[in-house]
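Comments concern the structure below.
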Amino acid sequence: MLSYRHAFHAGNHADVLKHAVLVLLLNALKRKDKPFVLIDTHAGAGRYDLADPKAQRTHEYEQGISKWWHSDAPALAPYLDCVRALNQDGPLRWYPGSPLIARMLLRPQDRLALLELHPTDFTALAAGFEGDPAVQVVRADAHVQLKAWLPPPERRGLVFIDPPYELRKEEAQVVDLLIEAHRRWATGIFAIWFPILSRLAAQRFIERLAGTGIRRQLVIEYMPFGEDTTVGLKGSGVVIVNPPYQLQAELSAISSTLETSAGARSRVRWSVEE
């Protein structure tokens, strides 16, 4: 499995995919005036310094956000606008995590609920949103706390599930989490990020989610180095349950853009049809 403290990996190719998808989903929810909630189950620290020794140890952002920083591709523009908003005073240095990206996009009537269990990341996250009435930050295990939050009073929104997958049992826990969350809130949107350490293992995880019997599961996958690579994290994907209208076409545009990088592979498909 992975060893995935996010400060070491901020802005990498997995972040480019998952956060581009997150922005699409939030903008889709904003097409209606009614309020919505974003529940982020593994929120992290909120923002990351790419000059920090942790990020400098791996330089993973060089194969991620740095490759797209100057891109004018329309499909990535809404996502890149969020990253650029955090770096208005100079070159790329700061990378926003999913909570900060979401906060940039929320309207006054919308709400952000953040869960983070790691004590250091929770402290940074809570400090970053201190005094913000639209944001709730709780140190808790998502597999316990999420049940208490569903269904939300808004009845519209997204659960963003982005665990570190450091332990083998986490894949099974994510499947169980989706089953329980969907049972409580069948009309909610659920986005589940997963790593691709091998094509076979990733496909098995997708099939486990499909085997829940939950309908409407749309998958996007991105392997920036292609199929034949010796790197540990070969790529990643996102499974979206209850995808909004037009999302498949929007994901296909992102997928086509990501494939313009030499050797990269990306695809969008239904793992469970309508």
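The values are calculated or read from the model by the stated rules, or taken from the named source; none is laboratory data. All of these numbers come straight from a predicted model, not from anything done at the bench. As a convention, Cβ positions derive from the backbone with ideal geometry for all residues, glycine included, and neighbour counts pool all protein chains shown.
The table that follows gives values for the structure above.
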{"item": "Pair list, Cβ < 7 Å and 6+ apart or interchain, from the stretch 176-204 residues that are free of Cβ contacts under 8 Å to residues at least 40 places away in the same chain and farther than 17 Å from T229 by Cβ to residues that are part of a strand (DSSP E or B) and of a type outside the set (K, R)", "result": "A181/V159; A181/F190"}
{"item": "Sole residue being under 27 Å from L105 (Cβ atoms) and surrounded by fewer than 19 Cβ atoms within 10 Å (Cβ to Cβ), chosen from R156, R199, R183, R168", "result": "R156"}
{"item": "Test for L258: is it at pLDDT below 95 and either farther than 20 Å from A102 by Cβ or more than 19 Å from the chain's Cα centre (by Cα) (or both)", "result": "no"}
{"item": "Selection within the stretch 121-153 - within 26 Å of W185 (Cα to Cα), aliphatic (A, V, I, L, M) and either in contact with a Phe, Trp or Tyr (Cβ under 7 Å, 6 or more places away or on another chain) or surrounded by fewer than 19 Cβ atoms within 10 Å (Cβ to Cβ) (or both)", "result": "A134, V135, V137, V138, A140, V144, A148, L150"}
{"item": "Residue check, W149 aromatic (F, W, Y) and touching a Pro at 6+ places or on another chain (Cβ under 9 Å)", "result": "no"}
{"item": "Flag if I101 is touching a Cys at 6+ places or on another chain (Cβ under 6 Å) and either charged (D, E, K, R) or touching a residue at least 60 places away in the same chain (Cβ under 8 Å) (or both)", "result": "yes"}
{"item": "Test for L26: is it farther than 22 Å from I196 by Cα, of a type in the set (A, V, I, L, M), modelled with pLDDT of 95 or more and not in a strand (DSSP E or B)", "result": "yes"}
{"item": "Residues (over 21 Å from E221 (Cβ atoms) and charged (D, E, K, R)) located in the stretch 13-40", "result": "K30, R31, K32, D33, K34, D40"}
{"item": "Of the criteria (1) surrounded by fewer than 13 Cβ atoms within 10 Å (Cβ to Cβ); (2) within 15 Å of the chain's Cα centre (by Cα); (3) not aliphatic (A, V, I, L, M), which one K32 fails", "result": "(2)"}
{"item": "Residues that are within 19 Å of the chain's Cα centre (by Cα), assigned to a loop (DSSP other than H, G, I, E, B) and closer than 22 Å to A75 by Cα, drawn from the stretch 199-244", "result": "P224, N242, P243, P244"}
{"item": "The stretch 59-79: number of residues that are among the hydrophobic types (A, V, I, L, M, F, W, C), assigned to a helix (DSSP H, G or I) and out of contact with any strand residue (DSSP E or B) (no Cβ under 9 Å at 6 or more places or on another chain)", "result": "4"}
{"item": "Test result for A43, touching a residue at least 12 places away in the same chain (Cβ under 8 Å) and either in contact with a Phe, Trp or Tyr (Cβ under 6 Å, 6 or more places away or on another chain) or farther than 20 Å from Y222 by Cα (or both)", "result": "yes"}
{"item": "Of all residues making up the stretch 86-115, the number that are farther than 20 Å from D52 by Cβ, small (G, A, S) and in a helix (DSSP H, G or I)", "result": "1"}
{"item": "Every residue from the stretch 129-144 that is over 19 Å from the mean Cα position of the chain (by Cα) and assigned to a helix (DSSP H, G or I)", "result": "V144"}
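Table: residues versus (1) small (G, A, S); (2) under 23 Å from F36 (Cβ atoms); (3) out of contact with any Gly (no Cβ under 8 Å at 6 or more places or on another chain).
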{"site": "S198", "(1), (2), (3)": "yes, no, yes"}
{"site": "A201", "(1), (2), (3)": "yes, no, yes"}
{"site": "I220", "(1), (2), (3)": "no, yes, no"}
{"site": "G226", "(1), (2), (3)": "yes, no, no"}
{"site": "L233", "(1), (2), (3)": "no, no, yes"}
{"site": "S236", "(1), (2), (3)": "yes, no, yes"}
{"site": "I240", "(1), (2), (3)": "no, yes, yes"}
{"site": "P244", "(1), (2), (3)": "no, yes, yes"}
{"site": "E250", "(1), (2), (3)": "no, yes, yes"}
